[in-house]
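> My questions all concern the structure below.
What follows draws every value from the coordinates through simple rules; no lab data is involved. Computed from a prediction, not measured in an experiment: that's the story for all the values here. Positions of Cβ are backbone-derived with ideal geometry, glycine not excepted, and every protein chain shown enters the neighbour counts.
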Amino acid sequence: MRAQLRSEFAKLRSTRTILGLSAAMLGLVLLVTLLHAFSLSTTDLASRSGQVRVLVEGGELVGALFAGLLGAMSLTGEFRHGTIRPTFLVTPRRGRVIAAKTVASTLTGFVLGLMATALAAAAGTLALAARGVTVQLDSGNYVVLLVGGAAAASLWAVIGLGLGAIVRNQVAAIVGLCVWLLFIENLLVDSLPGVSRYAPGVLGRAITGQQTGTLHTPALAALLLVLYAAAAAAAGWPAITRRDVD
Amino acid sequence: MSSHAYGNNGPSSRGVVTAEPVVAVTSLTKRFGAFVAVDDLTFALEAGTVTGFLGPNGAGKTTTLRVLLGLAEPTAGRALVFGRPYQELEQPARLAGAVLESNDFHPGRSGRDHLRVLALAADIPPSRVDEVLDLVGLVAPAARQVKTYSLGMRQRLGLAAALLGEPELLVLDEPANGLDPAGVHWLRTFLRSFADGGGTVLVASHALAEVAQTVDRVLIIDGGRLVASTSLEELAGRGQTLEDAYLQLTTEAAS
């Protein structure tokens, strides 16, 4: 599988997709973080939880979304461009390809999540200072934010990969991820908070240490999100190894 | 295209000499729902031959090739490459190379990177990438993104990928499509020398005139069934051209 893993990293490095995704992600992180920091009242921003929220919503959510897109595109891109055929001709034991893609997506997702939360932490902290709010966060909060955000993104990359394995269609996978994370989960949070704490996007937020309302602790949230990622990989595996390739 | 190098790239030096046919398709059937794409198809390919795989659109040629190369599972029967199902070959790229579609590339990836990605997965040394680029005449545009390539250049890049592992079997679907006359001539010479060196070629095509100049044998299928398996010599002995035989067999089978 090491040969397949080297091949997967060479695939990532040899197109501009990853650059484009990173640039779009960082731009969105900046936008969301600054919008939060400058639209919330200073009273909201004065509390620790309000401050975590500014940093998390921009960093973790956007990082998880883009890591999910990256994981999905790792497979759907190959189906879209037809490179799945040469890929499977060279490695007909498809499990090796899926295993390599899982490892590559996990690591790349980790880096994306780290970049997103780091930018959100930096921009958010500066924005809070600019609004004259005393920053209540200690270094522990920042560590949980960065490590949690990176972990959540790496797990979301695997979820995206599993989704991509099942649907194969790139547009469907991208739209599905965006609609779920940005729309359906928000509806769940508003209408069924008891259920929403088990939703994978909300779990990602919980990992970064946003202890408000009904969220799980970061450790439990991480465990539950690992289960989601494992389920996505388990569902995606036969979808790739058993189904014909056109 | 460079014509000087092909003589060194045949499989002659490794010649696997076995009684086993290189390709053995036995009672192969592939159904999609109620539609029977390949119907009880049986054929074998011997080493050192170029075989044309002919048939009308929808006859089941491409489906057969996909099953043979492990991209699709047979409904019944089996397709073996060097005695084993393709999926069970330990280093398939070193035994078989294939071009199934003319555009299986990421448009934003360079030709060289496309080959590098595949070479890494197949544990083939990177120096081989430059060799096959030279072989198919793509050294100059190798660093350019594939989206700038013409159809003929894409065909040559696909062939370069198929040749990465110095395989003993080549499976090509319409390889001459989009090639200029010099490219067609080069391909014909290359396939001939590949087979003369002990290699085996299966080439699906509609270009009968080109096939007649290139192949030793033809397999003609229609409606998923084999309607002819013959050598060009046998056809000539009966005073038939390939086109005569093809039109007679496939229209008969269709009506």
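> Would you mind giving the average projected area, over all directions, of the Cα convex hull of the stretch A:38-81 in nm² with one decimal?
3.8 nm²
> If we count other beta carbons within 10 Å of each Cβ, what is the order of A:Thr102, B:Thr42, A:Thr208, fewest first?
Least to most surrounded, the residues fall as B:Thr42, A:Thr102, A:Thr208.
> Ok, one more. Starting from the 7 Å offset along Cα-to-Cβ, what nm value, one decimal, do you get for the label separation of B:Thr148 and A:Ala231?
4.8 nm
> Further question: Any idea which of A:Thr33, A:Leu203, A:Ile159 is furthest toward the positive side of the dipole for chain A, if Lys and Arg beta-carbons carry +1 and Asp and Glu beta-carbons -1?
My answer, from the dipole projection, is A:Ile159.
> Per residue of B:114-127, count partner chain C-beta atoms within 10 Å of its C-beta, then hand back the mean as an integer.
6
> For the stretch A:2-241, rounded, prolate or oblate, judged on the Cα gyration tensor with a ≥ b ≥ c (square roots of eigenvalues), a/c < 1.5 rounded, else prolate if a/b > b/c?
Prolate.
> Can you give the helix-only mean residue ellipticity at 222 nm for chain B, where every DSSP H stretch with n ≥ 4 adds -39500 (n - 2.57) and the sum goes over all residues, rounded to the nearest 500 deg cm²/dmol?
After summing the helix terms and dividing by the residues of chain B, the value is -10000 deg cm²/dmol.
> Across the Cα atoms of the stretch B:6-254, what radius of gyration and what greatest pairwise Cα-Cα distance (Dmax) are found, in Å?
Gyration radius and largest Cα-Cα distance of the stretch B:6-254: 17.7, 51 Å.
> Now for a separate question. Would you please classify the overall shape of the stretch B:108-183 from the alpha carbon gyration tensor, given that a ≥ b ≥ c denote the square roots of the eigenvalues, rounded means a/c under 1.5, and beyond that prolate means a/b larger than b/c while oblate covers the rest?
It comes out oblate by the Cα gyration axes.
> If only Cα atoms are counted, what is the Rg of the stretch B:22-169, and what is its Dmax, in Å?
Over the stretch B:22-169's Cα set, Rg and Dmax evaluate to 16.6, 49 Å.
> Oh, and also: Calculate log10 I(q)/I(0) of the stretch A:56-169 for q = 0.15, 0.19 Å⁻¹, where I(q) comes from the Debye formula with a single equal point scatterer on each Cα and nothing for solvent.
-0.66, -0.87
> Between B:Glu46 and A:Ser49, what is the label-point separation in nm under the 7 Å Cα-to-beta-carbon projection?
That separation, rounded to one decimal, is 8.2 nm.
> What is the Cα centroid distance between the stretch B:183-238 and the stretch A:171-187, reported in whole angstrom?
51 Å
> With θ set to phi - 60° and the Karplus curve 6.51 cos²θ - 1.76 cosθ + 1.60, what are the ³J(HN,Hα) couplings of the stretch A:94-103 in order, to the nearest whole Hz, using x for Gly and Pro?
Computed from phi, the couplings for the stretch A:94-103 are 5, x, 5, 5, 5, 4, 5, 5, 5, 5 Hz.
> Please give the helix A:170-179 orientation as an angle from the longest Cα principal axis of chain A, in degrees from 0 to 90, rounded to the nearest 10.
20 degrees
> A follow-up question, please. Using a simple spin-label model with points 7 Å from Cα along the Cα→Cβ vector, what separation in nm is obtained for B:Val139 and A:Phe38?
Between B:Val139 and A:Phe38, the label points sit 5.6 nm apart.
> Another question, if that's okay. When you have a sec, figure out the Kirkwood radius of the protein assembly as shown from all distinct Cα pair distances and drop it here in Å to one decimal?
Averaging 1/r across every pair of different Cα atoms and inverting gives 25.1 Å.
> Once you have all Cα-Cα distances for the stretch A:204-246, histogram them in 5 Å bins from zero and send the whole-percent values.
Pair shares across the bins are 5, 23, 18, 14, 11, 9, 9, 7, 4, 1.
> Ranking B:Glu233, A:Glu60, A:Glu185, B:Glu88 by Cβ neighbours within 10 Å, fewest first, what do you get?
Going from sparsest to densest Cβ surroundings: B:Glu233, B:Glu88, A:Glu185, A:Glu60.
> Going by how many other beta carbons lie within 10 Å of each one, how would you line up B:Ser205, B:Ser193, fewest first?
Ascending number of Cβ neighbours within 10 Å: B:Ser193, B:Ser205.
> Could you work out, residue by residue across B:70-82, how many beta carbons of other chains sit within 10 Å of that residue's beta carbon, and then give the average as an integer?
Per-residue shielding by partner chains comes out at 2.
> Count neighbours as other Cβ atoms within 10 Å of each site's Cβ, and list the trypsin sites (Lys or Arg not before Pro) in the stretch A:7-37 that are DSSP loop with at most 13 such neighbours.
A:Arg16
> Can you give me the P(r) profile for the stretch A:1-120? Cα pairs, bins 10 angstrom wide beginning at 0, each as a whole percent.
That works out to 13, 37, 24, 15, 8, 2, 0, in percent per bin.
> Report, in deg cm²/dmol and to the nearest 500, the calculated mean residue ellipticity at 222 nm for chain A, where each DSSP H run with n ≥ 4 adds -39500 (n - 2.57) and the sum is divided by the residue count.
Per the formula, -26000 deg cm²/dmol.
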